[in-house]
Each structure stands twice: as C-alpha cells, then as structure tokens.
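The values are calculated or read from the model by the stated rules, or taken from the named source; none is laboratory data. Computed from a prediction, not measured in an experiment: that's the story for all the values here. Quick reminder, even Gly has a Cβ in these numbers, built from the backbone with ideal geometry, and neighbours come from all protein chains shown. Side chains included, ligands, DNA and RNA excluded: accessible areas come from the protein's heavy atoms. Shrake-Rupley method; radii C 1.70, N 1.55, O 1.52, S 1.80 Å.
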Amino acid sequence: MTYQLTIEPLGATIDVEEGQTLLDAALRQGIYIPHACGHGLCGTCKVQVSDGEVDHGAANPFALLEMERDDGKTLACCATLQSDATIEADIDDEPDAQIIPMRDFEATVARIEQLTPTIKALHLRLNQPIRYQAGQYVQVQIPGVEGGRAFSIANAPQAGGQSSEIELNVRRVPGGAGTTWLHESLNVGDRLQLTGPYGRFLCAARPPCRWCSWPAARACRVRAP
Ligand code: FES
C-alpha cells in the first residue's frame, strides 16, 4: 500500500510505501530533510505532523518526548505512515546542494590498502555509477551488524559528478563490530550493499579544485551543514 506525504514548506507530495520511513522516502525522491544518526537517537529529523496518522516506530523516548508526541511531532527517520499525511519540516535552502536522490548499490571490493596501522582504504566497484558531491557519504550494510554504518566517500567525483568506483577510509574503532568486521573479515572480491549519497557537508568549489573537481565559477570553500 502506498500513502501520499506532503512536505511543507516545499509543497512537495511524494509516495511513501507502507512500512517505509518518511526520511527514506524523501531522500529517495530527492528531498532533503535534515537528519544525522538515522536511528531515532539524536532528534535532528524531528518534524511536525499537521495532518494524518503516523507510527513513531523506534524513536528513542529522549529524542522524542511524550509531550512532543502529544504535540504532533515525530522523527522522520523512524516514523511510518498509517494514512496520507502532511508534515512541516525545517528545511534550509542550500543553493550549492544538488538534488541527488539516494539509491541502493551493490559494491564489489576491488582493492584493500592498509593506509596506517588502524586505517584501511576500501576501493569499491559499484554495479552502477553513483552521483555525489564531494563531502557526501554512504551507508554500508555490514553482515551481523544492525543498521548501516556511515563512511565518507574519500575520492572526488569524476566526469559528470559521478563515479563507478569509490574509496572509503575505514578506521578500526576499538570494540566496534562494524569496523572490526571490515578490517578482519572483508576480502577482495566480496560484495557489500550500500545506499547513498547522504549529507550536506559538501564542497562547492568553483572553478574545479583539487578537492572536488566541481565545475563552476566561485572560489573553493567547504560548506558546513
Ligand atoms: S536522524 Fe537522528 S533521530 Fe532521526
């Protein structure tokens, strides 16, 4: 079943599948809603539901207080729809951000480099080119680890703002299940599932700079979200 979600102040209406989170639906249809953890913990993706019914999902009670639920707020990264709905989101205009819908990718490990004793570079060949802006990241699914793990894309996009191969620099976090698996169990030729691109900590360089190859007409700078 599919519901209709209207996102204000944009006035955009998108389709949301039953069980799909509001954030996932928005990002896949090229609409950016501010977010960070993606797991109901930080509260960054809080929106106001002005019409319709939502299920708050796994929202942490400290990230979405009881009084906020009563007031019609929800967390877009956890909430799913139970009817057509309208939300009010705090979406800043970001003139340097391109509209790039998030997609699913299958990656094959082409090469692994040991950069330092604790950091490995994973070179991943994708089943289709990914379009992204320098500074954006992907979420990698790791076997046995719940939820994706976020890693910045370390190489600049190539011609057309996209690449068929991406590099992720993975620091081994002591006690971290995800980075430990990537360091100890991942081999060349293995496959990984990932989604992206995410994030608005991006480099909008003009003319093309050594960081991002972005073709335009202003001085290079890195923009904070
Ligand atoms: S992004 Fe952190 S709670 Fe939704």
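Filter the range 42-75 down to residues that are hydroxyl-bearing (S, T, Y) and within 11 Å of the ligand (Cβ to nearest atom) and give me whichever is nearest to E88 (Cα to Cα).
Looking at residues that are hydroxyl-bearing (S, T, Y) and within 11 Å of the ligand (Cβ to nearest atom), I get T74.
Out of the residues in the range 14-25 meeting the condition of being closer than 18 Å to P197 by Cβ and within 12 Å of the ligand (Cβ to nearest atom), tell me which one is least open to solvent (accessible area, probe 1.4 Å).
The extreme case among them is L23.
Look through R218, R206, R200 and report the one residue that is under 24 Å from D92 (Cβ atoms), at pLDDT below 90 and within 17 Å of the chain's Cα centre (by Cα).
R200
Scan the range 33-45 and tell me whether some residue there is over 22 Å from Y198 (Cβ atoms), out of contact with any Phe, Trp or Tyr (no Cβ under 8 Å at 6 or more places or on another chain) and not aliphatic (A, V, I, L, M).
no
Could you list, in sequence order, the residues of the range 75-111 that are exposed (fewer than 12 other Cβ atoms within 10 Å of the Cβ) and either touching a residue at least 40 places away in the same chain (Cβ under 8 Å) or assigned by TED's automatic domain parsing to the domain that holds T180 (or both)?
S83, D92, I99, listed by residue number.
Of G11, G30, which residue is away from the ligand (no atom under 13 Å from the Cβ), within 23 Å of I130 (Cβ to Cβ) and of a type in the set (G, A, S)?
Just one listed residue meets the conditions, G30.
Assess whether E184 counts as being free of Cβ contacts under 8 Å to residues at least 12 places away in the same chain, under 20 Å from H35 (Cβ atoms) and open to solvent by 30 Å² or more (accessible area, probe 1.4 Å).
no
Taking the range 112-128, which residues are over 14 Å from H183 (Cα atoms) and either among the aromatic types (F, W, Y) or buried (at least 17 other Cβ atoms within 10 Å of the Cβ) (or both)?
Matches in the range 112-128: L124, L126.
Which residue, of I142, I130, I100, is at pLDDT 95 or above, touching a helix residue (DSSP H, G or I) at 6+ places or on another chain (Cβ under 9 Å) and among the β-branched types (V, I, T)?
I142
Which pairs turn up if I take residues in the range 1-21 that are of a type in the set (D, E) and look for partners that are open to solvent by 60 Å² or more (accessible area, probe 1.4 Å) and part of a loop (DSSP other than H, G, I, E, B) with beta carbon separation below 7 Å, at least 6 apart in sequence or on another chain?
E18/M1
Do any residues in the range 26-48 that are outside any loop (DSSP other than H, G, I, E, B) have Cβ atoms under 6 Å from those of residues that are more than 11 Å from the ligand (Cβ to nearest atom) and small (G, A, S), where the two are at least six apart or on different chains, and which pairs are they?
Pairs found: V47/A89; Q48/G72.
Does A159 meet the test of being open to solvent by 50 Å² or more (accessible area, probe 1.4 Å), in the same structural domain as L192 (by TED's automatic domain parsing), touching an Asp or Glu at 6+ places or on another chain (Cβ under 7 Å) and without any contact (Cβ under 8 Å) to a residue 40 or more places away in the chain?
For A159, the condition - open to solvent by 50 Å² or more (accessible area, probe 1.4 Å), in the same structural domain as L192 (by TED's automatic domain parsing), touching an Asp or Glu at 6+ places or on another chain (Cβ under 7 Å) and without any contact (Cβ under 8 Å) to a residue 40 or more places away in the chain - is not met.
I need the full set of residues from the range 76-101 which are within 12 Å of the ligand (Cβ to nearest atom) and more than 24 Å from G135 (Cβ to Cβ), in order please.
C78, A79 - these are the residues of the range 76-101 that are within 12 Å of the ligand (Cβ to nearest atom) and more than 24 Å from G135 (Cβ to Cβ).
What number goes with the only condition from (1) within 27 Å of P157 (Cβ to Cβ); (2) within 16 Å of the ligand (Cβ to nearest atom); (3) of a type in the set (S, T, N, Q) that T116 does not pass?
With (1) within 27 Å of P157 (Cβ to Cβ); (2) within 16 Å of the ligand (Cβ to nearest atom); (3) of a type in the set (S, T, N, Q) applied to T116, the lone miss is (2).
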